[in-house]
Structures are given as structure tokens and as C-alpha cells.
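Colleague: Please read through the structure below; I'll follow up with questions.
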Amino acid sequence: MVSEENASKEVHSQEEKSTPSPGALLKERREARGLSQQDVATKLFLKSSQINDLENDAIDEKSSITFTKGYVRNYARQLGLPSDEVIEAFEKFHNQSEVPSSEKLHSFSKRVAKQTHDDRWMMVTYIILLLIIGGVVVWWYQQPSDDSSTDASLVQSVKDEAIASARSPESSDEIAVTNGTVELDSASGTAGQSTFSQSENAPQSEEIADQNPQNGAVVANALDDGPINAPPSNVDDSNNLTALVSDITEDDNVELNLGEAEQDLAYGDGPSAAPISMTFTFGEDCWVNIEDATGEVIATGVKRQGRVMDIQGIPPVAVTLGAPDNVRISVNGEPANIASFQNGKIARFTLPL
């Protein structure tokens, strides 16, 4: 079997050697006719290098085999050779060109398969990267921010302060009890500190009652809460600490009520001031805001030209005028001089001037 294959190969190679190539046929006929490659190239409208390639049986890989056959056919006709025989010799000589084409096609299919495989792996890689990025983003969103931690610490500090403030009255009560016990121990058999405080503040309460009947009634009610009796001398102070604390607390309440009444009279919180009557005459549109001493807004907003506004309020009355130049004011029937505020700017003053 091997010998037969070798023999067939030798016969085939001998046939190829005995059959001249198409390039050799063309070259031999051209030389016989005394033509140069440039002469043939001029007639066929080709380059001399292309004629040289055809005679050397070289095929340009950049051009198609069909074009090369056409050049060979035209070359054979130009030299007077039978074109069919030359083309047949060309196909026999270049019969091995199909094998490289199939190999190229096979390599192309391999390259396509490899590229497809690589594309799949790239897709898997992209999916993994997307999952990692998504996980990082979710983790970042779940982390507590600095603002939330600051808010939590602030809330905790507020709670601690509230607990401390809730415990502070108890400690102050304990201190008051301790101080009261010491004061009672150092009284040396007197009738009690509460009676002294009540007798000492009696003239003050009478003066407060004379100045304001209502405050006097408040003080009288505060003093009439009940008689404050000193502890009997035959009772042991150490065994009656609760009674002593009660007496001291009542004395402190009496003194606190008297002090609050005096502060109310000193700062004039009571309704002792009489309201005043005011008349505003507007010569042009003007924005106003008027508040009395109690903080009540008597008038506010834009007042139209020609408006005459009569109001009352407890002095001092705070007045704000947006356009004071054409505004006339009278207080209790007496004209108020606001010429110093009529300068084209917003005026702020109190009535009465």
C-alpha cells in the first residue's frame, strides 16, 4: 500500500515536471515574438511588474484569483496562444492553492470560536465586577454616617442632662432639710424661725396691701395658709425630723410668696397703667405695626391714603411706620411731634413721646 502511494506520487510529480507552467509558456512565446515585458504591459494596460509575476507563476495575495486568470487569458490572446489551454495549465499548476484556502478558512473558524470563548469569559468577568461594585455600594449605604452618630451622641447628652435636672430637686431638698435641722438645733429653745419670719415680713405685707388691693389679697391669702406653731419643748427633735421639715417648708413658702409679690410690684407687671387713645391720619399709603406694652399687636399692615385710625393701648406703645412723612399722630387729643422721624426712612418710636 505504501509503495503504491509512493509510486502514484512519483508519477504525478513527473507529469507536473513534463507539463510546462503557464508562465513559462507565456514567456517563451513572448521571447519568440521579440517582445519585451514593457511592450506587453503597455498593450494590456498593466505594469511590467505584473507581467513579470505572471511569467514567474506568482500570484498576488492582495488580488483575487479571478483577476489573475483574466490577466493570463488576455496575455495568451495577445501572444496568439490558445487561452483555454493556458488557463487549464494555470489551474493545474495552481491546484494546491485550494488547500491554503481551506486552511485559512479553518484558521478563521478557529479564531472565531476562540473570540466567542473569550467574549463569554469577558461577560462573566463583567458580571462579577458588577456584583462587587453593587456589594460595595450597599455596604457603603449601610454604614452609619457622621451626622447620625453626632445626632445619637447629642440625644444621649440631652437625656443625661434631663436625668441630672430631674435628680437635682431631690438633692436641693435634702440640703434644705439638713440646713433646717441645723438652724433648728441652734435656735436654743426659741419659739421657731417661722414665727420670726412671719412677724418680720408683716409690715411689708401691709404696705403691699395699701399699694395694690389685689396683691394685698394675694399676700393675705398666702399668710392665711394656717398658723405655724413651734414644736413643743418636751418633744425630742431627733425623733420628729419629719415635723421639723414640714414647718421649715411652710416658712420657705411664705417668704417665697412675699418675694414674688414684691417683684411684681417693682417691675409693674400688674395692670396699673391706664390705656392711652391714639389717632393716626395717613396722607398716603403707609405700612404700620403697632404693639402696646403687653405685646398685643393693635394694628398692622398697609393703611390707605386718607385713612383715620383711632386705637387704644397700654403705654409705652411701640410704633413702626414704613412711610412716616405724611402721617399725623395725636395722643389723648394732643398732637405728637414726629418731625424728627419724617426723613424718608422707616420710623420706629414709642408713644407717648
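Colleague: Do any strands (runs of 3 or more DSSP E) lying entirely in the stretch 294-346 carry at least 2 residues that are over 45 Å from the mean Cα position of the chain (by Cα) and modelled with pLDDT under 95, and which ones are they?
Modeller: 308-313, 327-331, 334-336
Colleague: Something else: Among residues belonging to the stretch 58-75 that are more than 12 Å from residue 86 (Cα to Cα) and not β-branched (Val, Ile, Thr), point out the one that is surrounded by the fewest Cβ atoms within 10 Å (Cβ to Cβ).
Modeller: Across the stretch 58-75, the extreme among qualifying residues is 62.
Colleague: Continuing with the same structure: Is one or more of the residues making up the stretch 104-115 modelled with pLDDT of 85 or more and of a type in the set (Ser, Thr, Tyr)?
Modeller: Checked the stretch 104-115: no residue is modelled with pLDDT of 85 or more and of a type in the set (Ser, Thr, Tyr).
The values are calculated or read from the model by the stated rules, or taken from the named source; none is laboratory data. This is a predicted model, so every value here is computed, not measured. Neighbour counts run over all protein chains shown; Cβ positions are idealised from the backbone, glycine included.
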